[in-house]
Every structure is written in C-alpha cells, then in structure tokens.
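Peer 1: Dropping the structure in here first, questions after.
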Amino acid sequence: MSSDLKILPLNSPHEPQSGWLVLASKLCGINARWFTPEYWQRQQAVVGTSTGRYTTWFVHYQPTQANEHWVLRHYWRGGLMAKLSKDTYLFTGLAYTRPTAELKLLNILYQEGFPVPRPIAACVQKRGLCYSGDILIERIEGARDLVAILTERKMSQQEWLSLGQCIARFHNRGVYHADLNAKNILLSPKGFHLIDFDRGAIRAVAHHWQAENLDRLHRSFKKEQGKCPHLAFTEADWMALLKGYNATNTANARVSRH
C-alpha cells in the first residue's frame, strides 16, 4: 500500500478492530461520522445530490482554515449479487477492499497530474467476514457529466478530439477504468476529467483491454441516446474522438474499428 496513505484504526466495544479510515489528505479530527449523509445533514452542509441507482452526496467541508466541496459515495453492489447483499463484500485484507484500492489509484493518478478528483479519505467498516465502505473525494469545480452537457448542446469537433486525447493519456499510462461511460466523464472549464475508479487498476499497456474500454464508452453514448433521442451525439463525433485518441496513442496499436 502506498506510503502516502495514512491508516487509522476504528475500534468498537464488540470488535477490537472494526474498521479503518484511509487518508490521502492531511485532515484533522476525521472520524467515521464523516462518511454518513446524516452527519452532513446535521451540519447543514449538504449542498446537492446526484441520483442514479443510488444517491451520491455533495457536501461542503468548512472548518476554520479550509473551504472545500466534497463528494460522498457509498459502495453498493450491482447485478445479481445485489439480491444477496446490497452493500457488503467479503473481506480479504484492507488493501483489497474497494474503497482502499480506489483511493490508492486516485492518489497515484492525482499526484502524477492526471485529470481526476483529488482523493480525500475512505472508510472501511468490518462486520465479521464482510465489510462495507465509503469514499470522500473532492468535487471538481464547475464540472458536469457529458450526458447532462449533450442534452443541452453539441460539443465541437475540437472538444471530441480533446476527449480522445484525454482517454489515450490514461490508456498509455495503463489505467483501466472499469466503468468508462458518458456519465463518468466530466467537462469543466479546465477540460475533461474521469471519475469513479471503483474496480479500476493500472495494467500492462500492451493488451487489448484499451479497445474494449472504448467499446464500452461507445455503447454508453448510444444507450443514453436511446433514452434521450435528442442527445447531441453522432458517429461523426465518435470518429473525432478516435482521431484524437489515435493521434495521442503512441504506445498502443491504433484503434479503427468501433
């Protein structure tokens, strides 16, 4: 585990080691309550929510010498496994928990200058053989996801080229995004950003997963267009994205079939 991450044990009367706080930022007074929306509601610090399959909370952290906006996200199961357990996972070690792994990956990418949210902290709470988890990341100022943007306007060809270049930069570093879709790409005045690196990893570059990643993104645009027929997305836009991707993609074979 990266030495940049600080680990604080959580203890309870029932279990001597009931969980951990994993910190990527230097914070004072952090505790497990920060990872519940009820805590921020009591502080009147909830400034918004994002509702998809589950709710993500936008909170305003405002101690004496800071003024920051964070995103609080709980880890929920999807698919068939959600019928057995909505939010618990088998515990095989702290380093292998989803919050810790995502925080570690974000910490690496953020320190290397990639356009990702600044990682704040994660909470892993152990219950017997299982655990549940939450993560706090910085909210990117002025950013909106591509679905929200494309329902209101077209993106220019230069923007599509820039998006392809952004994705290629991650792929050339070996960054695998497990859920690369239109809602997990944000556009702010500073450019494009990728979010939600749950189950992400740094992989060997010389592989075929990059093309599969792009295929997933392509399908997501078409899926969103099926739900919103006036979504401003065309195959010409996709070809512009690939043009930007291939222009930047020096470490991998050029992608032409999508």
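The values are calculated or read from the model by the stated rules, or taken from the named source; none is laboratory data. Everything quoted here is computed from the prediction, not taken from an experiment. Quick reminder, even Gly has a Cβ in these numbers, built from the backbone with ideal geometry, and neighbours come from all protein chains shown. Surface accessibility is based on the protein's heavy atoms, side chains included, excluding ligands, DNA and RNA. Shrake-Rupley method; radii C 1.70, N 1.55, O 1.52, S 1.80 Å.
Peer 1: Output the number of residues of segment 197-237 satisfying the condition of being touching a helix residue (DSSP H, G or I) at 6+ places or on another chain (Cβ under 8 Å) and part of a loop (DSSP other than H, G, I, E, B).
Peer 2: 10
Peer 1: Quick check, is L242 under 21 Å from the mean Cα position of the chain (by Cα) and either modelled with pLDDT of 95 or more or buried (at least 20 other Cβ atoms within 10 Å of the Cβ) (or both)?
Peer 2: no
Peer 1: From D179, D134, D145, which residue is in contact with a Cys (Cβ under 8 Å, 6 or more places away or on another chain) and either surrounded by fewer than 20 Cβ atoms within 10 Å (Cβ to Cβ) or under 25 Å from R33 (Cα atoms) (or both)?
Peer 2: D134
Peer 1: Residue under question is E152, and the condition is that it be acidic (D, E) and under 20 Å from R77 (Cα atoms); does it hold?
Peer 2: When the stated conditions are applied, E152 does not pass them.
Peer 1: Would you check if there is a residue in segment 39-46 being touching a Gly at 6+ places or on another chain (Cβ under 9 Å) and surrounded by 19 or more Cβ atoms within 10 Å (Cβ to Cβ)?
Peer 2: No; the residues of segment 39-46 include none that is touching a Gly at 6+ places or on another chain (Cβ under 9 Å) and surrounded by 19 or more Cβ atoms within 10 Å (Cβ to Cβ).
Peer 1: While we're on this one: With F192, F221 as the choices, which residue is modelled with pLDDT of 95 or more, open to solvent by less than 80 Å² (accessible area, probe 1.4 Å) and in contact with a Cys (Cβ under 6 Å, 6 or more places away or on another chain)?
Peer 2: Going through F192, F221 in turn, just one is modelled with pLDDT of 95 or more, open to solvent by less than 80 Å² (accessible area, probe 1.4 Å) and in contact with a Cys (Cβ under 6 Å, 6 or more places away or on another chain): F192.
Listed here are the residues, each with its yes/no results for (1) touching a strand residue (DSSP E or B) at 6+ places or on another chain (Cβ under 6 Å); (2) at pLDDT 95 or above; (3) more than 17 Å from L21 (Cβ to Cβ); (4) surrounded by fewer than 12 Cβ atoms within 10 Å (Cβ to Cβ).
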residue	(1), (2), (3), (4)
A66	no, no, yes, yes
L72	yes, yes, no, no
G78	no, no, yes, yes
A82	no, no, yes, no
S85	no, no, yes, no
A101	no, yes, no, no
L105	no, yes, yes, no
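Results for (1) within 21 Å of the chain's Cα centre (by Cα); (2) modelled with pLDDT under 95; (3) farther than 25 Å from A95 by Cβ, shown as yes or no for each residue.
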residue	(1), (2), (3)
L21	yes, no, no
C28	no, yes, yes
T36	yes, no, no
Q41	no, no, yes
A45	no, no, yes
V59	yes, no, yes
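Peer 1: Of the numbered conditions (1) assigned to a strand (DSSP E or B); (2) of a type in the set (A, V, I, L, M, F, W, C); (3) open to solvent by less than 20 Å² (accessible area, probe 1.4 Å), L186 satisfies every one except a single condition; which is it?
Peer 2: The one condition L186 does not meet is (3).
Peer 1: Can you tell me which condition S156 does not meet? The list is (1) at negative phi; (2) open to solvent by less than 30 Å² (accessible area, probe 1.4 Å), and all the others hold.
Peer 2: (2)
Peer 1: Here is a follow-up. Which of the residues spanning segment 111-125 are touching a residue at least 40 places away in the same chain (Cβ under 8 Å) and either out of contact with any strand residue (DSSP E or B) (no Cβ under 7 Å at 6 or more places or on another chain) or open to solvent by 50 Å² or more (accessible area, probe 1.4 Å) (or both)?
Peer 2: Q111, E112, F114, Q125
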